[in-house]
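This report refers to the structure that appears directly beneath it.
The values are calculated or read from the model by the stated rules, or taken from the named source; none is laboratory data. Given the structure is predicted, the values throughout are model-derived calculations rather than measurements. Using ideal geometry, Cβ is built from the backbone for each residue, glycine included, and neighbour counts are taken over all protein chains shown.
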Protein chains: 2
Amino acid sequence: PNDLEARNQFPALPTGLSPCELQRGRISIDSSNSHESKSPEFEAFYVLRPRGPSGEGKVLPIFAFMHAILENKKAHNTDKYKCSTLIVRRNKEFTIIIKLDRAFNAEQDDVQIEFMIGSLPNENKGTYITLSIGKRKHNGHWKGRVVEIQGHDVTVGITPDASCIIGRFRTFVAVMTDLGKWRTQRNVDTDLYVLFNPWDPADQVYMDKEEDRQEYVMNDVGTIYNGEFNNITSRSWNFGQFEEGVLDACLMVMDAGKVPLLFRGNATEVVRQGSALLNAQDDDGLMVGNWSGDYSGGTAPTAWTGSPEILLKYVKEGCDPVCFAQCWVFAGVLNTLMRCLGIPSRVITNFFSAHDNTGNLKTDIVLDDDGKVDRSRTKDSVWNYHCWNEVYVKRLDLPEKYSGWQVVDSTPQETSDGLYRCGPTSVNAIKEGELSYPFDAKFVFAEVNSDVIYHKSDKSGKMEIIYVDSAYIGKILVTKKKGSSTYEDITSTYKYQEGSLKEREAMQTAVRRGVSTKDYLPLTEAGVDFELQADTIKMGDNLKLTLNIKNQTSHTCTLSATITGCVVYYTGITSTTFKHENKSAIVESLTIDVKALEYMPYLVEQSNLLFVVYGHVEERDASLSSMRVVTLSPPELAIKVMTGSPRLGKEVMISVDFQNPYNFNLQNVQLRIDGPGLIPTKLKHYSQILPGASVKYKVSLFPQSLGKKVLMACLDCPLLRQVTNQLEFEVVQD
Amino acid sequence: PNDLEARNQFPALPTGLSPCELQRGRISIDSSNSHESKSPEFEAFYVLRPRGPSGEGKVLPIFAFMHAILENKKAHNTDKYKCSTLIVRRNKEFTIIIKLDRAFNAEQDDVQIEFMIGSLPNENKGTYITLSIGKRKHNGHWKGRVVEIQGHDVTVGITPDASCIIGRFRTFVAVMTDLGKWRTQRNVDTDLYVLFNPWDPADQVYMDKEEDRQEYVMNDVGTIYNGEFNNITSRSWNFGQFEEGVLDACLMVMDAGKVPLLFRGNATEVVRQGSALLNAQDDDGLMVGNWSGDYSGGTAPTAWTGSPEILLKYVKEGCDPVCFAQCWVFAGVLNTLMRCLGIPSRVITNFFSAHDNTGNLKTDIVLDDDGKVDRSRTKDSVWNYHCWNEVYVKRLDLPEKYSGWQVVDSTPQETSDGLYRCGPTSVNAIKEGELSYPFDAKFVFAEVNSDVIYHKSDKSGKMEIIYVDSAYIGKILVTKKKGSSTYEDITSTYKYQEGSLKEREAMQTAVRRGVSTKDYLPLTEAGVDFELQADTIKMGDNLKLTLNIKNQTSHTCTLSATITGCVVYYTGITSTTFKHENKSAIVESLTIDVKALEYMPYLVEQSNLLFVVYGHVEERDASLSSMRVVTLSPPELAIKVMTGSPRLGKEVMISVDFQNPYNFNLQNVQLRIDGPGLIPTKLKHYSQILPGASVKYKVSLFPQSLGKKVLMACLDCPLLRQVTNQLEFEVVQD
């Protein structure tokens, strides 16, 4: 078992014994970085009677010691963190300077440097680390050496080992004498954060290209893709892993989730824990998932612009879960947690993602006698898009070829082995259908490889499979291209080409690993194929749908088609059905007109419409079916720099403009402006924006560093969700 | 992820929304066998306006239907269950008889047989099964056929599919007419339990030898081994899987743990869930683990005689966890759960079982400057013995060679992936060091393969490794031999021979799968070896220890030895140190005398003494160390049949006799008598038994079946734990 002893939740017992007492003679686990042990300034050796700390001439008093913070941080790629404490990465030397009141004597003096984390520092568990310099050289897992002696100052070089625990350590310097150990006082200024090190080949998270590290570890803004697969839209996200307080917040999330310190050196564990802790289900997690449309007790998932606001709110409110999140929020914040701790990561969007809750690679869509989706019998769902993360980790627990990018998903879709979490699971293993290895490979495989099975029920409720679409799910997987804001198609890292030999082999392997076979009886060939086409339109416009029909036979085929239009959540769950039309044709195409008036009253959330076509070819008594999601574009949100090119340290005025193009009031409007490294998240409320009315929000900021910056804005209200835009600009020398 | 959606524990939210409401547009999972859906007696087809159930001449009324319970149960190997309801096994035909008020017409009549489980019966999820006979033959996953028509009676043969959900199904028979579906009323008498089928090659739990099935599925008594590896003792255990109410209790445990019905057809899932649900940690589990020595709020773990008493108490008290259990109780009850549901299983005892809580294959024993065990720095422990289970399951999720016996452990030692549970993990995979596959292979591998590392600290607290013992852990693994009450040594199924090539290869594989290497520096050879020998003695006797010293060199070796004796829990945790002796010798052996007076005042629990020897060879300045556990035998408990050979249906008088051989009072004594198939557990209290006093407890019983029976008794009180005995006898025809 994974050693999470501390997560135990004992039931209330009829006896007066506490959980701890029941385990008398059992062992407890340290799972808090913020709890401290006591480190006395004098520890007497127990065989001697100490004469007290006074009047001892031989003692070598330490005046002070300091970390060379700036130099160290630059060398460790941690200078971007807005934090005055030293931050280093594993397996790379950093230096501390010990100031004495006389010169250091390497033959006689015995100086020990101690690092402690948690409340039960223990050498065997890597939570108590000591190094000795001087007469008794001693290295444990961390290495130490005297780099330089200058007058009364000794510069010591220290290298944490490549698999050590990450987190905030307390540092002490001690002098060993015959009487005992004299130790410096606890001083938060000499604390030390140790992070994962993607720059070091011995670290589990090593990436060999600098451009990869710059994107997947160091980039603090990103793009999250959404919309529909043939009209991919996007929004910017402020990962903000270097913002003030974010690193502490990330450690606090792990403390709240009682992740044992012992595990915090293993990236696989940290990733898995992260996926569980981001959602509030079954632990004191970070965010509450809410797909109800009612976000009155918190912030709508669509309204956030980035992670720091959420992480800082969590800490400020005493680790109370933040309301509310949906998949891109979970993925955006998990990306922050990972990059902040030094694990390379990126946000992925899977278009038409199956949420297969029977684990059988089939997504069942049940149509009723009229050709409409029967909601009560359709238990699976296809998310229009679903966001998750990939992290780049060496899987020490698996055969080597399964290292590299790993899927991790913190959206509470299904529980994994009893808790809401998913992954890490190797992308390579998914592609090969090698699904036996931990964690959750089968679920991810189904998300990208399920078939859509259309069933139709007759009037007695008896169901029949009428059509199988094996190309609908996992249509395309994308992520932000490195060094660019366009997307990269990474579908081929998850799947071999549809219909290829390799694809068949991968599916056979998956079946041998316990995935159910796709055991449908062969269906009557309809001899006809069709595709539903739609224009890209703005919300509020009329829509024209075209059903392109291809007769693949040389005979006449008469198609009777039933087209149903309904409003749909991005999770694929249908809301109101607003259109139901029967058409019949021998022709090549059919058009269906949808008026704005038809759908506007019913829109939910992200303004998606779902059209389902059920077709019946009379001549062959065969059926076919197809679905099409149409995402309506929102109106524009304009961001402008009002004061010429932004210069370092000079005021820049920004304006965000919006006009309500609709004939209804927009109420309870939230407008957020965000820019990592530029300003903390700004939030403006408008109680209403009348039809035709405009709002202008001005913000002033003073750029503190040079280079490319991104400002992003998001307007959100119950009737109009997720109106976003972003502006890139270069901050130049004044 | 495994689909345990229902286990979610949402935090209290600041909004007024319930967890369900947050998931509007998400999906809920059915995880209760005992909740029912409504099944109306008439369901109108929704396109027709039903004319009501009256006055419809064409309807084929069903008078009644019945299961041929006795014949079916015999054929399905379920006739031993004390339960009047039909119990069948998967993939084997059973019959039901449908009684009509006229003859059945196979060309015109349309009769449907329905099976439902849970509150949301759904065809896609296997919780709603329909079969049709008559004009519209229809088979889903379950097959149906008309076996015979006799007058107005139709005998239908039904075969549940080999992977169907196990549990209690409601059965209905319906007649389809033009108007709708006419359905029989809900009747608990026609309910149907479906169990796993070890007799069927298509079932995941198939075993091919009848003698194996008789032992691992059908045997309702067993032997659990304990004590120490060179003095293996045992106690009988009443598994009682066929006792009245036990099957329902087992299903209730799964309901309380919210195991989704969808998973209850997969033996791997049922096993994993079982391991989590048996302990009360982090779910509404069955039993509370308690190792404190204070069992005042419940029953001492040592006092139980079998599983039915525990399972029935759990149900009677509204699924409140039962107090208290330790490893053999968890293993005994899990064995009942498995055998009751039809999964072959057995109880294993591992002598010297490492509880490695750093996951590094090292069990660290820290001795202080005096050679005593330093409890505050010894965080790992070696259990004198630890019990777990093996189940025989085909692992559909893994490569084929990892099917067969699987380790499963329900004692809450460590959490596995966040919850207290362990396994199933393939015994074959443990032997090969192939530790990547789920579940918890690394933890089990460490339990049988860790090294014991002796550290010694000097006066400044600095630790040094002085000795490594790689043969101590996992000394021997045993289980009850089939058809016998002696034990079978199954160590070779877990490990290749110590020192063999295969063993080294397995260890190398384990290291490649992420187990830490055993990276000790070579130690100075002491040139001397020693072994501590002890007699088997009764509690209260004096003990003589012999330290046999072997000088492997041709030189003189002077050994100074420190022997520490302490009282120890069976978990390896030490309590009081009662002896500390230094001896020095050049001779071949040393003897140490231990007087009863020295240890008696300090005994805990199962009367184990631990002796640790620290030796130092002066000539070579080398150290060595060794441990030895001595289990003290308890006084005798006598069971006798007082009335000649037991005969079917005739009264048999049994007496249990005990005399207190000590010079102290035994207080709060519990005496249990148990016998599966003979009597329900009998419990007798004695407030005290004075020194030298005897008690006699008489019980009368009336054997209801022929053959070999086992009666067991257990006497238990705070000062004297687990005094057990058993009596086998044959019930003969009167």
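Points worth noting:
- Counting the residues of region B:270-309 that are out of contact with any strand residue (DSSP E or B) (no Cβ under 6 Å at 6 or more places or on another chain), more than 10 Å from every other protein chain (Cβ to nearest Cβ) and over 21 Å from B:Thr681 (Cβ atoms) gives 3.
- Residues that are at pLDDT 90 or above, within 23 Å of B:Phe443 (Cα to Cα) and under 31 Å from the mean Cα position of the chain (by Cα) do not occur anywhere in region B:511-526.
- Subset tally (residues that are in contact with an Asp or Glu (Cβ under 8 Å, 6 or more places away or on another chain) and surrounded by 19 or more Cβ atoms within 10 Å (Cβ to Cβ)) for region A:199-218: 1
Okay, residues lined up against (1) touching a strand residue (DSSP E or B) at 6+ places or on another chain (Cβ under 8 Å); (2) charged (D, E, K, R); (3) on the phi < 0 side of the Ramachandran plot:
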residue: A:Gln406; (1), (2), (3): yes, no, yes
residue: A:Asn428; (1), (2), (3): yes, no, yes
residue: A:Ala441; (1), (2), (3): yes, no, yes
residue: A:Ala446; (1), (2), (3): yes, no, yes
residue: A:Ser450; (1), (2), (3): yes, no, yes
residue: A:Lys459; (1), (2), (3): no, yes, yes
residue: A:Thr479; (1), (2), (3): yes, no, yes
residue: A:Ser484; (1), (2), (3): no, no, yes
residue: A:Tyr487; (1), (2), (3): yes, no, yes
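- Candidate set from region B:580-601 (those that are part of a strand (DSSP E or B) and surrounded by 20 or more Cβ atoms within 10 Å (Cβ to Cβ)); member that is nearest to the other protein chains (Cβ to nearest Cβ): B:Val594
- Test: A:Glu447 is within 12 Å of another protein chain (Cβ to nearest Cβ), out of contact with any Leu (no Cβ under 6 Å at 6 or more places or on another chain), at pLDDT 90 or above and surrounded by fewer than 24 Cβ atoms within 10 Å (Cβ to Cβ): no
- Test: residue in region A:350-371 that is more than 10 Å from every other protein chain (Cβ to nearest Cβ), in a helix (DSSP H, G or I) and in contact with a helix residue (DSSP H, G or I) (Cβ under 9 Å, 6 or more places away or on another chain): no
- Residue in region B:339-348 that is within 14 Å of chain A (Cβ to nearest Cβ), under 17 Å from the mean Cα position of the chain (by Cα), at negative phi and of a type in the set (Lys, Arg) present: no
- Failed item, numbered, when A:Ser575 is tested on (1) out of contact with any Leu (no Cβ under 8 Å at 6 or more places or on another chain); (2) at pLDDT 85 or above: (2)
- Residue match in region A:97-105 (condition: of a type in the set (A, V, I, L, M), farther than 25 Å from A:Gly274 by Cα and touching an Asp or Glu at 6+ places or on another chain (Cβ under 6 Å)): yes
- Residue, surrounded by the most Cβ atoms within 10 Å (Cβ to Cβ), within region A:173-198, restricted to residues that are of a type in the set (A, V, I, L, M, F, W, C) and touching a helix residue (DSSP H, G or I) at 6+ places or on another chain (Cβ under 8 Å): A:Phe196
- Single condition A:Asp248 does not satisfy, out of (1) more than 14 Å from every other protein chain (Cβ to nearest Cβ); (2) part of a helix (DSSP H, G or I); (3) surrounded by 22 or more Cβ atoms within 10 Å (Cβ to Cβ): (3)
- Test: residue in region B:700-719 that is surrounded by 15 or more Cβ atoms within 10 Å (Cβ to Cβ), among the charged types (D, E, K, R) and touching a Lys or Arg at 6+ places or on another chain (Cβ under 7 Å): no
- Residues in region B:314-323 that are touching a strand residue (DSSP E or B) at 6+ places or on another chain (Cβ under 9 Å) and either farther than 14 Å from B:Gly285 by Cβ or of a type in the set (Phe, Trp, Tyr) (or both): B:Tyr314 only.
- Exactly one residue out of A:Val333, A:Val329, A:Val382 is farther than 30 Å from A:Ile679 by Cα, away from every other protein chain (no Cβ under 12 Å) and of a type outside the set (Lys, Arg), and it is A:Val382.
- Residue tally, condition farther than 20 Å from A:Val731 by Cα, touching an Asp or Glu at 6+ places or on another chain (Cβ under 9 Å) and hydroxyl-bearing (Ser, Thr, Tyr), over region A:642-691: 0
- Filter pass, A:Ser575 being in a strand (DSSP E or B), surrounded by 13 or more Cβ atoms within 10 Å (Cβ to Cβ) and more than 43 Å from the chain's Cα centre (by Cα): no
- Residue within region B:125-132 that is crowded, with 21+ Cβ neighbours inside 10 Å, of a type in the set (Gly, Ala, Ser), more than 42 Å from the chain's Cα centre (by Cα) and closer than 24 Å to A:Val366 by Cβ present: no
- Condition check for B:Ile158: over 27 Å from A:Ile365 (Cβ atoms) and out of contact with any Lys or Arg (no Cβ under 9 Å at 6 or more places or on another chain): no
- Among residues of region A:133-149, those that are buried (at least 19 other Cβ atoms within 10 Å of the Cβ) and farther than 23 Å from A:Gly265 by Cα, counted: 2
- Residue among B:Lys459, B:Lys442, B:Lys431 that alone is touching a residue at least 24 places away in the same chain (Cβ under 8 Å) and away from chain A (no Cβ under 14 Å): B:Lys431
- Scope region B:149-170; condition part of a strand (DSSP E or B), closer than 29 Å to A:Lys459 by Cβ and within 32 Å of the chain's Cα centre (by Cα); matching residues: B:Phe169, B:Arg170
- Region B:233-245, residues that are at negative phi and either touching a Lys or Arg at 6+ places or on another chain (Cβ under 8 Å) or assigned to a loop (DSSP other than H, G, I, E, B) (or both): B:Phe239, B:Gln241, B:Phe242, B:Glu243, B:Glu244
- For region B:678-734, the set of residues classified as over 27 Å from the mean Cα position of the chain (by Cα) and of a type in the set (Val, Ile, Thr) consists of B:Ile689, B:Val695, B:Val699, B:Val731, B:Val732, listed by residue number.
- Residues of region A:259-292 satisfying the condition of being under 22 Å from A:Pro308 (Cβ atoms) and part of a helix (DSSP H, G or I): A:Val270, A:Val271, A:Gln273, A:Gly274, A:Ser275, A:Ala276, A:Leu277
- The residue of region A:457-501 that is surrounded by the most Cβ atoms within 10 Å (Cβ to Cβ), among those that are of a type in the set (Asp, Glu) and in a loop (DSSP other than H, G, I, E, B), is A:Asp458.
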